[in-house]
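Each remark here refers to the structure printed beneath this line.
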Amino acid sequence: MNLYDLNREQLIQFTENWGFRPIHADRIWKHLYARLLLSIDSTDKHLPKDLLLRLQKETSLQIPHLEEETKSSDGFTRKFLLKLQDGETIETVLMRYSGRTTACVSSQAGCAMGCVFCATGQMGFSRHLTAGEIVTQVLHIDRILRNQGEKLRNVVFMGMGEPLHNYESVMTAVDILCDKRGLSLAGKRISVSTVGHVPGIRRLTEEKRNISLAVSLHGATDIDRNALVPLGRRWPLAELMDVCRQYTDTLDRHIFFEWTLIEGKNDSPAQTHTLGQLLEGIPSHVNLIPLNPTQGYNGKPGNNAAAHAFQSILSQYNIPCTIRQRRGIDVAAGCGQLKELKQKDAS
Ligand code: SAH
Ligand code: SF4
């Protein structure tokens with residue numbers, strides 16, 4: 001058993017099944033998530049000897065191995081390629097813009113959704129990550145920040161993979177990250193970005209999950225969208241918008257819509273008007289991100305003028321729109337791009 005896979009209740013249950021009181025599970029929890037220890041001290045006087053022995057024999061604390069690190073020239077982004085127990089590699093990014101500290105984490109090794117412009121999509125799907133494999137990415141970043149006297153504030157699931165395709169593990173990880181006796185991150189500072197996984201959004205709504213939601217749209221008609229996001233064929237826009245509306249109505253919050261701007265594909269004024277109409281009645285904020293070019297896709301980023309025109313058209317619909325900088329592009333900061341480069345070097 002990898003102890004990082006368990007949320008606090010599960011850890012209490014786990015040690016209770018061995019006959020130990022919750023107070024001992026709480027102490028283990030503190031070691032892992034308040035003190036960020038990498039192992040349970042086998043001389044810990046506050047934990048019973050037989051518990052320490054069983055922990056040593058039957059559990060592990062699996063920490064990913066740092067395979068490679070790159071820094072952007074502006075110093076704001078550090079990207080880590082982490083190797084998991086079975087040799088799979090995933091990406092985790094530390095971003096530090098205008099006083100905000102953010103960990104961008106992966107939820108899967110690869111991705112099954114196949115968005116044509118995305119380096120991870122081009123790799124295909126290897127497997128889901130466990131909750132522990134998600135949590136230890138955050139711990140990796142938190143340790144670095146703490147060593148510099150800073151604290152991690154935000155976590156975004158915008159690394160490799162589709163988080164709502166791996167719902168259970170992602171939500172167990174969210175529970176761990178938000179636990180008040182541990183990292184104690186604020187739910188609203190955890191953002192799950194989805195390609196538009198309709199059952200996943202429905203479940204977030206039913207469970208009234210107190211986290212932020214970003215939906216990657218990229219197209220405002222099924223034809224435009226499906227050319228970039230093949231998953232759109234399974235869950236067409238009408239269905240996706242329906243479930244988004246239920247989410248914003250039920251939880252009384254807004255949704256961030258992500259739009260990767262690609263020249264000649266989704267950067268025209270007509271397409272922007274269609275988007276404005278599509279989002280009517282849904283409290284929204286649009287994030288516009290010019291495409292990061294990838295090996296497997298022959299597209300160009302939409303230019304500055306197109307981005308500003310996009311923003312100004314959306315303002316006619318009262319939809320706030322932020323143009324995101326392609327910062328850290330020199331560290332291959334697009335999703336899956338460091339791994340892509342590494343594979344290319346090796347071949
Ligand atoms: N699978 C989820 C989360 C990971 S991708 C999702 O698709 O939302 C995080 C964001 O990066 C998505 O909005 C995705 O569309 C965007 N993205 C992926 N590849 C990109 C690229 N090459 N250039 C710009 N944005 C990209
Ligand atoms: Fe998967 Fe997101 Fe990349 Fe699409 S953009 S392939 S859903 S990681």
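The values are calculated or read from the model by the stated rules, or taken from the named source; none is laboratory data. In this text the structure is predicted, and so the values were computed from the model without any measurement. All Cβ positions, even for glycine, are placed from backbone atoms using ideal geometry, and neighbour counts span all protein chains on display. Note: areas computed on protein heavy atoms with side chains; ligands, DNA, RNA excluded. Shrake-Rupley method; radii C 1.70, N 1.55, O 1.52, S 1.80 Å.
Using the Cβ-Cβ distance between L53 and A112 with R0 = 56 Å, the FRET efficiency computed as 1/(1 + (r/R0)^6) comes to roughly 0.85. Summing Cβ point charges (Lys, Arg +1; Asp, Glu -1) relative to the Cα centre of the chain gives a dipole of roughly 840 debye. Based on Cα contacts under 8 Å between residues 6+ apart, segment 3-58 shows a relative contact order of 22 percent.
Each of I323, I313 has its accessible area taken with a 1.4 Å probe; listed largest first, they run I323, I313. Taking the longest Cα principal axis of the chain as reference, the axis of helix 131-147 is set at about 90 degrees. Residue separation of D249 and E168 scaled by 0.36 nm, minus their Cα-Cα distance, works out to 26.8 nm of gained length. Secondary structure note: in the chain, about 50% of the DSSP beta bridges are antiparallel. Taking each residue as 0.36 nm, the span from T274 to H308 lengthens on full extension beyond its C-alpha to C-alpha distance by 10.6 nm. Here the sum of -39500 (n - 2.57) over DSSP H runs of 4 or more residues, divided by the residues of the chain, equals -11500 deg cm²/dmol at 222 nm, to the nearest 500. Distance between the C-alpha centres of segment 79-151 and segment 209-223: 21 Å, rounded to the whole angstrom. Relative to the longest principal axis of the chain, what angle (0 to 90°, nearest 10) does the C-alpha long axis of helix 304-316 take? Long axis of 304-316 versus the principal axis of the chain: about 90 degrees.
Could you compute how fast segment 201-283 diffuses translationally, taking Rh as the Kirkwood radius over C-alpha pairs and applying Stokes-Einstein at 37 °C with viscosity 0.692 mPa s? Give it in µm² per second. In µm²/s, the coefficient rounds to 246.
Between H218, H140, H24, the residue with the greatest mean-square fluctuation in the GNM of the chain (Cα pairs under 10 Å linked by springs) is H24. Size descriptor for segment 97-252, Kirkwood hydrodynamic radius: 16.2 Å (Cα pairs only, one decimal). Note on surface exposure: W18, W29 rank W18, W29 by accessible area, highest first, 1.4 Å probe. Computed on the Cα trace of segment 65-346, the radius of gyration divided by the Kirkwood hydrodynamic radius gives Rg/Rh = 0.94. Other residues with beta-carbon under 12 Å from the beta-carbon of K300 carry, at +1 per Lys or Arg and -1 per Asp or Glu, a net charge of -1. Of the solvent-accessible surface of the chain, computed with a 1.4 Å probe over protein heavy atoms with every protein chain present, carbon and sulfur atoms account for 48 percent. Normalised by residue number, the volume inside the convex hull of the Cα atoms of segment 3-58 is 78 Å³ per residue.
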